[in-house]
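So the structure is just underneath, and the comments pick up after that.
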Amino acid sequence: MSPPKEVQFSFFRPATESMRREVRTASTVLLFWFFLSFGIPVAIWLAGLGDPSGLGESFLTRARFLGFPLHYWLIAQGCTIGYVLLCKLYCLLCDRRFRHASGPAGRPGA
Amino acid sequence: MKNFRVFGLTLVALLGATGLAFAAGEEIYQIQPGFKKTPAMIMLATLAVYLGVGFFSKVSSPSGYWVAGRGIGKFGNGAAIASDWMSAASFMGVAGLLYLKGWFGLGYIIGWTGGYVLLLVLLAAQIRRFGKFTIAEFLGDRYDCHSVRLIAATVTVIIAITYATAQFKGIGLVCGWIFGIDYNDSVLFAAGVTLTYMLISGMTGVTRNQQIQYVILISAFLIPLWILIEKAGGVGILPQIEYGKILSGLMEGEVSPAIGGALTPEQLATVRREFLPWGTGGNIYHFIALVFTLMIGTAGLPHIMVRFYTVKNEDVARKSVLWGLFFIGLLYWSSPVYAVLGKFWHPMGGTEVADIIILSAPERAGLGSAFLGYLASGALAAGISTVAGLLVAGASAVAHDWYATVFRPDSSEGQQLFIGRVFTAVLCLIVIVTALNPPALIAQIVAMAFAVAGNTIFPAAVLAVWYSRSNKYGAIAGMIWGLTMTLLAMSGWILRVPAFQADGILPATSSALIVAPLAFVINIVVSNLTTDKITEESRAKMDNVLRKLHNLPGRVDTP
């Protein structure tokens, strides 16, 4: 018999079904992460391109949310609350994955 | 321990008598000079608690010293992550930064929180599955290469020293304020306390203390807010939301009635600039580059990553990131409140206001001198716990990865523990010496810690977990590229080359947006070019680590 072959994989080509599910969970969360971290600043930037003074004033800076200027709230609280929720989402998705994988008796990783 | 307390008190009494020179600050934002009896007693009592906890969590095995015997739960580890993370700089500096930099400064907040999402999703569980002692060990075993191990250990030590040194700026400010002693004495005093309990207890004591420290520092940070927001005209229910109205008012020129209630048109223009996106310098590229660098830097900081070795299992590892981030969030949701209230009472202040924005808060809130002591204990807790975490990470890199793995693989557990303690002390001495003669550009050098971690450790760790073909040649090439480029950008910045300045094309503190993706590419390309050079034996070892990282069925090795 030939010697066992090394496992071959990457983030985009997972080796097994359980890894494939893990990667899918991770990519879902990373997608939201990307949107929060870069999508929101870029939106504030795009909206502010019309401001001739170059300070980025726009409807986002004029709008008010919970009393805040919206552009300030989005970064100061929107993103950070979003990150905590994303971590929660990831934990939930992992719990569900393990429940599927190990059945009612199994405890993940114990 | 008792002796030390007596020593501390004597030291304080001696120095308190001489340290009365303190420049008067702004009217509202000033701190009283001299020795403060009640706060000092409170602070010394909390220090005694840390030492006591350290003493009772005494350890006798290397795994207890390094990774707390892996018995730490999700809240405990979450609080420890938060406490490790929340340095004196976060505690005292972020509000000041937001006061000076307005909207743009928020980039630091999302950079320092978003990194945890990356850490959680890409690395935390896998690091726990691997389950050894240090990050250098993880990279060294995964790539089956001592050079990778040594580079990673060196980076860990560099980060530990620079980052810990910076903590003493905050610690010095606090001790100077409470005891009326000068910066040098504060450094020696705080270093003495930190070192004593670390040597006594190792990671178990540090982790337990970090939980206590988190509670002290977050409560000290939050309590004044409720009183301050009422003084500023809020209802005093949830300051973190109520300051929004004050901020909106500021942007329309409303300030505290105590200073006139309205800004002049020129003042209004200045304040508006600060709170508009691009009013304090920098554009969208600089913002994104900053955020990205801080994020992957956070995810690559060895003293944070090592936290996942201290938990029971990967489920706890994941949940402790969640709780850690939430605990960190409590601080970062509140820092802007201080910054905005600072503007409300003091719209035109500069760094002199920003520096003491937190320390002067209890006085403004009229909370009495006992609370001052409590807040100072919080700030000191923040500084000391971060220094302790860094020293453990740095010393373990030296003792575990250099000594016990590479140079003396046959050393006994007792010897390793001894070397660990010796190097904790040695690192602490190095930090003290650097802190006593701080390089002029200390802030810049600290910013480098994030760039280094993001450009070297993060790409190597992510590819180690997620790309099976990545091998030692790729890892070495990628890490050297990352380290070189970071150092190059830093030297360029210090030598004032325009391209590496804060508004240049490759800002030194935000270099990872360009450098890190290239580090990934280099690692991948070099690994693919050198696949044939890896020996069969090395392949088998790497394969075993990979299977462990991903819970794959064990390799059926036929001899």
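The values are calculated or read from the model by the stated rules, or taken from the named source; none is laboratory data. Since this is a predicted model, take the numbers as computed values, not measurements. Counting neighbours? That spans all protein chains shown, and the Cβs are built from the backbone with ideal geometry, glycine included. We work out accessible area using only protein heavy atoms, side chains counted, and drop any ligands, DNA or RNA first. Shrake-Rupley method; radii C 1.70, N 1.55, O 1.52, S 1.80 Å.
Residues with amide H under 5 Å of B:A262's amide H, sequence separation 5 or more or different chain, H placed in the peptide plane at 1.01 Å from N; which?
Under 5 Å from the amide H of B:A262 lie the amide H atoms of B:V255, each far enough along the sequence or on another chain.
Relative contact order, percent, of chain B when contacts are C-alpha pairs under 8 Å separated by at least 6 residues?
Reported relative contact order: 28 percent.
Heavy-atom accessible surface, probe 1.4 Å, ligands and DNA/RNA ignored: which residues of the range B:299-330 lose at least 10 Å² versus the isolated chain?
Hits at the 10 Å² cut-off: B:N313, B:E314, B:D315, B:R318, B:K319, B:L322, B:L325, B:F326.
Can you give the net charge of the other residues whose Cβ lies under 13 Å from the Cβ of B:A365, counting K and R as +1 and D and E as -1?
Summing Lys/Arg as +1 and Asp/Glu as -1 gives 0.
Using alpha carbons only, how many degrees (0 to 90, rounded to 10) separate the axis of helix B:368-396 from the longest principal axis of chain B?
Once rounded, one gets 20 degrees.
From the alpha carbon gyration tensor of the range B:145-204, can you work out the equivalent ellipsoid semi-axes (sqrt of 5 times each eigenvalue) and give them in Å, largest to smallest?
30, 15, 7
Per-residue mean of other chain beta-carbon atoms within 10 angstrom of the beta-carbon, peptide B:150-159?
What the average comes to for B:150-159 is 0.
For B:K533, which lysines qualify as cross-link partners when the Cα separation must be under 21 Å and same-chain residues fewer than eight apart are set aside?
Excluding near neighbours in sequence, the set is A:K5, B:K472, B:K541.
Across peptide B:250-257, how many C-beta atoms of other chains are within 10 Å of each residue C-beta, on average?
Whole-number average of other-chain Cβ neighbours for B:250-257 is 1.
Sorting check: for A:48-54, B:412-418, B:160-166, which peptide has the highest mean count of neighbouring beta carbons within 10 Å, and how do the rest follow?
Result, highest mean Cβ count within 10 Å first: B:160-166, B:412-418, A:48-54.
If one takes the longest principal axis of the Cα atoms in chain B, at what angle in degrees, from 0 to 90 and to the nearest 10, does the Cα axis of helix B:442-452 lie?
That helix lies at roughly 40 degrees to the long axis.
If I fit a long axis through the Cα atoms of helix A:17-34 and take the longest principal axis of the Cα atoms of chain A, what angle between them do I get, 0 to 90°, rounded to 10?
10
May I ask for the accessible area buried between chains B and A, both sides summed, probe 1.4 Å, to the nearest 100 Å²?
Protein heavy atoms only, the B-A interface buries about 5400 Å².
Per DSSP H run of at least 4 residues, take -39500 (n - 2.57); add these up for chain B, divide by its residues and hand me the 222 nm value, nearest 500 deg cm²/dmol.
-23000 deg cm²/dmol
Provide B:K37, B:K132 ordered by accessible surface of protein heavy atoms (probe 1.4 Å), highest first.
Solvent-accessible surface, decreasing: B:K37, B:K132.
Please list, or write none, the lysines whose alpha carbon is within less than 18 Å of the alpha carbon of B:K312, excluding same-chain residues fewer than 8 places away.
Of all the lysines, those that pass the test against B:K312 - Cα under 18 Å, at least 8 places apart if same chain - are B:K74, B:K132, B:K548.
Suppose we keep just the alpha-carbon trace of the range B:85-232; what are its Rg and Dmax in angstrom?
18.9, 61
Heavy-atom accessible area of B:L199 with all protein chains present, probe 1.4 Å, nearest 10 Å²?
In the full protein context, B:L199 sits at about 50 Å².
With a 1.4 Å probe and all protein chains kept in place, how much accessible area does A:R64 have, in Å² rounded to the nearest 10?
100
Which shape class applies to the range B:465-523: rounded if a/c is under 1.5, otherwise prolate when a/b exceeds b/c and oblate if not, where a ≥ b ≥ c are the square roots of the Cα gyration tensor eigenvalues?
prolate
Shape call for the range B:376-478 from the C-alpha gyration tensor, a ≥ b ≥ c root eigenvalues: rounded (a/c under 1.5), prolate (a/b greater than b/c) or oblate?
Verdict is oblate for the range B:376-478.
Classify the protein assembly as shown as rounded, prolate or oblate from the Cα gyration tensor: take a ≥ b ≥ c as the square roots of its eigenvalues, call it rounded if a/c is under 1.5, otherwise prolate when a/b beats b/c and oblate if not.
oblate
Long-range amide H contacts for A:F68: which residues qualify at under 5 Å (H placed 1.01 Å from N, peptide plane, sequence gap of 5 or more or a different chain)?
none
If you count only protein heavy atoms with a 1.4 Å probe, what accessible area per residue comes out for chain B, rounded to a whole Å²?
34
Give me a comma-separated list of calculated 3J(HN,Hα) values for the range B:122-134, in order, Karplus coefficients 6.51, -1.76, 1.60 applied at θ = phi - 60°, integers in Hz, x for any Gly or Pro.
For the range B:122-134, the Karplus-derived couplings read 9, 10, 4, 5, 5, 4, 5, 4, 5, x, 10, 10, 10 Hz, x marking Gly and Pro.
Where the accessible area of the protein assembly as shown is counted over protein heavy atoms with a 1.4 Å probe, how much of it, in %, is carbon and sulfur?
Carbon and sulfur together cover 67 percent of it.
About the Cα centre of the protein assembly as shown, how large is the charge dipole given +1 on each Lys and Arg Cβ and -1 on each Asp and Glu Cβ? Please answer in debye to the nearest 20.
1840
Along the charge dipole of the protein assembly as shown, which of B:G324, B:G368, B:V94 sits closest to the positive end, that is, farthest toward it, with unit charges on the beta carbon of Lys, Arg, Asp and Glu (+1, +1, -1, -1)?
About the Cα centre, the residue reaching furthest to the positive side is B:G324.
Name the residues whose placed amide hydrogens come within less than 5 Å of the amide hydrogen of B:N313, ignoring near sequence neighbours (fewer than 5 apart) on the same chain.
Amide H neighbours of B:N313, under 5 Å, 5+ apart: none.
Could you tell me the relative contact order of chain A? Use alpha-carbon pairs under 8 Å, at least six residues apart, and round to a whole percent.
20
Enter the Cα centre distance for the pair the range B:122-188 and the range A:35-57, rounded to the nearest angstrom.
Taking the Cα centre of each part, the range B:122-188 and the range A:35-57 sit 36 Å apart.
What's the ranking of B:125-131, B:432-438 by average number of surrounding C-beta atoms within 10 Å, highest first?
B:125-131, B:432-438
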